[in-house]
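Take a look at the structure set out below.
The values are calculated or read from the model by the stated rules, or taken from the named source; none is laboratory data. Computed from a predicted model, the values in this text were never measured in an experiment. Cβ: placed from backbone, ideal geometry, glycine included. Neighbour counts: every protein chain shown.
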Amino acid sequence: MIERRILVIDDQKDVREAIAVAIERSFAVDESQALVDKMKARLGGRSSESPAAPHSHSVMNYAVDTAPGGREGWDMACAALDDGVPYSLIFVDMRMPGGWDGLETMKRLFDMDRKVQIVLCTAFSDYSWKEIVEAVGKRDNLLILKKPFDNVEVAQMALALTEKYLAEEHLLHSQKMETIGALSAGLAHDFNNIISSVQATVSSMVFTLDIAGMSKEQLKDELSSDIATVTEAVKQGAEMVQILLSLSKRQELPLAPVDLIELVDRVLNICRRTLDKSVEVAFNHSVDSAVINAYPVQIEEMLLNLCINASHAMTIMRPDGELCGGNLALSLERIVLDIDLAGKITEVPPGEYFRLSVSDTGVGIKPELISQIFDPFFTTKGEKKGTGLGLSMVFSILEKHNAFLDLQSKPGVGTTFIIFFPVG
Ligand SMILES: Nc1ncnc2c1ncn2[C@@H]1O[C@H](COP(=O)(O)OP(=O)(O)O)[C@@H](O)[C@H]1O
Ligand SMILES: [Mg+2]
């Protein structure tokens, strides 16, 4: 399968071809380097079966396509994403007369796939950096390449950015697997309860059918409550399968106005089903709607992670002998941060926000660990129980939504994560 797909969108044929050739040459150079490595390994006496240099596999998995305009490029990128083989890197020319210009094309590409790496190619200062940031937000997946290009620079960008895309995909996938893993114990427990209840009810039905001499009416009466029990259990089982399916679905919905209250309700429904039953879940909101501009799947995943962490802090993280359980309380309100207030909260600029807090009565976080908990792979839960990816994903999701995070924690008392979403 081709892993690195690159698209070059430029109205000038010679520029399109120059970029494609520069990339192909550089990947081909790496390919010959891989051959050299292989030869060296053989000459060094190792068996010819010895694996090739690790990069030789990935550098050969690439394809470069070109498109003469924004619209055509966008169509190709949509089709690639639909087919499950998205472009990891897209070069976009800023000036394309006639159709969409570079900025418009790039905006649409980011709306379609927020992870895609884009290199904006420009000869003139058509737009200032500030205007570009205003159009697409502050991003770490956008680079500007000034014309005329340096071929080596183009090739290096292509290698580094496609690598970055693949690494991010991989991280996202591992993290999703961790979330599903963390919830599946609770789901399995509930499934067991459902199966036991169905088994017991069916036995009772068989017993009823064995009783001799009952009229049809009597039989109907006797069986009706058992039938209701089985029907309800099956419905619950089906709902749980739905939850698992929605969690494992990789489809990213586009950026859109969504009501935070609905997202929180959905996440808490999953939590009530799957978290340890010793955890009491509650949600208070002082507003009736809280519309923000968001990728809904991402926000749900972020909230799920905070809730799973909170539940862990009140269960598996408690020292031996301490009672399991506690309260997981979410609250939402709309607030105005003036300069005075904003200054007290690290990094949050003044403005209007929806403030969502996720609070637990768990073990708390030691002050000396707080600076590390957002690092990828940092975990205090041991290898089997944590991957240390949850909070780093939370952080990157919030960044993509221009949201801010604050944190209060007291060892032995509990932790509150507070999120500030700009009012949409
Ligand atoms: N609500 C919380 N209460 C106590 N500790 C927490 C909480 N949330 C996160 N932590 C700490 O931060 C660490 C990193 O969390 P995370 O990135 O989600 O990884 P993981 O849950 O896999 O360990 C956890 O191992 C834990 O020590
Ligand atoms: Mg976690």
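Side notes on the structure shown:
- Among the residues of the range 129-138, those that are modelled with pLDDT under 80 and either within 17 Å of Glu399 (Cβ to Cβ) or of a type in the set (Gly, Ala, Ser) (or both) comprise Gly137, Lys138.
A quick yes/no check of all residues on (1) among the charged types (D, E, K, R); (2) under 23 Å from Gly137 (Cβ atoms); (3) within 16 Å of ligand 2 (Cβ to nearest atom):
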{"residue": "Leu330", "(1), (2), (3)": "no, no, no"}
{"residue": "Thr361", "(1), (2), (3)": "no, no, no"}
{"residue": "Leu369", "(1), (2), (3)": "no, no, yes"}
{"residue": "Gly382", "(1), (2), (3)": "no, no, yes"}
{"residue": "Thr387", "(1), (2), (3)": "no, no, yes"}
{"residue": "Phe395", "(1), (2), (3)": "no, yes, yes"}
{"residue": "Leu407", "(1), (2), (3)": "no, no, yes"}
{"residue": "Val413", "(1), (2), (3)": "no, no, no"}
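- Looking only at the range 60-83, and only at residues there that are among the charged types (D, E, K, R) and more than 22 Å from the chain's Cα centre (by Cα), the one that is farthest from Cys121 (Cα to Cα): Asp75
- Residue in the range 372-424 that is modelled with the highest pLDDT, counting only those that are more than 9 Å from ligand 1 (Cβ to nearest atom) and charged (D, E, K, R): Lys410
- 1 or more residues of a type in the set (Phe, Trp, Tyr): qualifying strands (runs of 3 or more DSSP E) within the range 313-424: 351-360, 404-410, 414-422
- For the range 301-329, taking the residues that are under 16 Å from Val258 (Cβ atoms) and at pLDDT 90 or above, the one that is nearest to the chain's Cα centre (by Cα) is identified as Met302.
- For the range 284-296, the tally of residues that are surrounded by 14 or more Cβ atoms within 10 Å (Cβ to Cβ) and more than 23 Å from the chain's Cα centre (by Cα) stands at 1.
- Residue match in the range 243-261 (condition: closer than 19 Å to Ser359 by Cβ and outside any loop (DSSP other than H, G, I, E, B)): yes
- Looking across Val413, Val358, Val336, one residue alone is more than 24 Å from the chain's Cα centre (by Cα), within 25 Å of Val291 (Cα to Cα) and of a type in the set (A, V, I, L, M, F, W, C). It is Val336.
- Residues that are in contact (Cβ under 8 Å) with a residue 24 or more places away in the chain and over 12 Å from Ser409 (Cα atoms), drawn from the range 362-377: Pro376
- For Ile308, the stated conditions do not hold, so it cannot be described as more than 23 Å from Glu178 (Cα to Cα) and assigned by TED's automatic domain parsing to the domain that holds Thr379.
- Only a single criterion out of (1) more than 25 Å from Val241 (Cβ to Cβ); (2) within 15 Å of ligand 1 (Cβ to nearest atom) is not satisfied by Gly321, namely (2).
- Residue check, Arg266 of a type in the set (D, E, K, R), surrounded by 15 or more Cβ atoms within 10 Å (Cβ to Cβ) and not assigned by TED's automatic domain parsing to the domain that holds Lys115: yes
- Qualifying positions in the range 402-418 - under 20 Å from Met317 (Cβ atoms) and of a type in the set (Val, Ile, Thr): Val413, Thr415, Thr416
- Only one of Phe110, Phe149 that is in contact with a Cys (Cβ under 9 Å, 6 or more places away or on another chain) and either assigned by TED's automatic domain parsing to the domain that holds Ala167 or surrounded by 18 or more Cβ atoms within 10 Å (Cβ to Cβ) (or both): Phe149
- Ala155 vs. criteria surrounded by fewer than 16 Cβ atoms within 10 Å (Cβ to Cβ), at pLDDT 80 or above and assigned to a helix (DSSP H, G or I): no
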